[in-house]
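Take a look at the structure set out below.
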Amino acid sequence: MKYILEYRFFYKLRLNIIVMADIDVVKEGAFGDRSSWDEYFMHMAIGVSSRASCYKVHAGSVLVKDKLLVGTGYNGAPSGVESCLEKGGCYKEAESGKSYADSMNIGLCRGVHGEMNAKDHLVQAVDRGELTLYTTIFPCNGCAKNISGIKRVVFKSGYDGREFDAALGLFLERGTKVDRLDMSPERYMDIAFNRSNVVHSAWSPEDVEKIEKMMGAWEGLGK
């Protein structure tokens, strides 16, 4: 309860700062409408945040150039360093002896921000030439013929049988590893919202309450 109260104060404080700074606010689109570019890339960033290895904060970033995604990153310990999730608690709290809210900006956090990781990952990918394609639907044959330099393809669902076979043949002939991610809708929602120990994320406490109500209503739809 302590962290919820602290977060509510922090969130309201940030809203006041935003108003005072006179920053433009981009409104969300109407329900059922196609996502705007801002919504499109923010939705990606929220998904990227699910990989965060910070014990208290989940943040995700996507790097975009001319409406093209060129890099992603999430916050957490640098490569080769044990993360707070692996340690089982916040390193900053343990080292300072203070609560998370009282240990803000004291220079003890071992994490790297998502924005920096997105930029770093882009450079690494270009230098190493090892790219992975994540796609919800397996590429058609036409797309497969035009995708080169891909080390691995990870897809969620298949396509037309003949298209699938032809595209798969092209990938395998090139030596591309092909995997299917078997992720249920329940797991998707779990990744997005089920993080009881997280203090700061894209969602305010009020947002979380709305999400819980929506999920409760959805439970009865398939029965």
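The values are calculated or read from the model by the stated rules, or taken from the named source; none is laboratory data. What you are looking at is a predicted structure, and each value in this text was computed from that prediction instead of being measured. Reconstructed Cβ throughout: ideal geometry from the backbone, glycine too, with neighbour counts over all protein chains shown. These area figures cover heavy atoms from the full protein model, side chains too; ligands, DNA and RNA do not enter into them. Shrake-Rupley method; radii C 1.70, N 1.55, O 1.52, S 1.80 Å.
Based on this model, can you work out whether VAL208 counts as open to solvent by less than 100 Å² (accessible area, probe 1.4 Å), within 24 Å of TYR74 (Cβ to Cβ), modelled with pLDDT under 85 and assigned to a helix (DSSP H, G or I)? Criteria met by VAL208. Can you tell me which residue in the range 45-64 is surrounded by the fewest Cβ atoms within 10 Å (Cβ to Cβ), limited to those that are touching a Leu at 6+ places or on another chain (Cβ under 7 Å) and under 13 Å from GLU115 (Cα atoms)? Here the residue is LEU63.
Considered as a group, the residues in the range 151-178 that are under 24 Å from SER49 (Cα atoms) and of a type in the set (A, V, I, L, M, F, W, C) include one that is surrounded by the most Cβ atoms within 10 Å (Cβ to Cβ), and that residue is VAL153. Within the range 136-148, the residues that satisfy the criterion of being surrounded by 14 or more Cβ atoms within 10 Å (Cβ to Cβ) and at pLDDT 75 or above are PHE138, PRO139, CYS140, ASN141, CYS143, ALA144. Annotation: of all residues in the range 179-202 being without any contact (Cβ under 8 Å) to a residue 40 or more places away in the chain and open to solvent by less than 80 Å² (accessible area, probe 1.4 Å), the one that is farthest from ALA101 (Cα to Cα) is ASP179.
For the residues ILE23, ILE46, ILE4, the requirement of being closer than 23 Å to ASN197 by Cα and either modelled with pLDDT under 80 or of a type in the set (Phe, Trp, Tyr) (or both) singles out ILE4.
Find the residue count for the range 65-98, including only residues that are assigned to a strand (DSSP E or B) and buried (at least 16 other Cβ atoms within 10 Å of the Cβ).
The number of residues fulfilling the criteria is 5.
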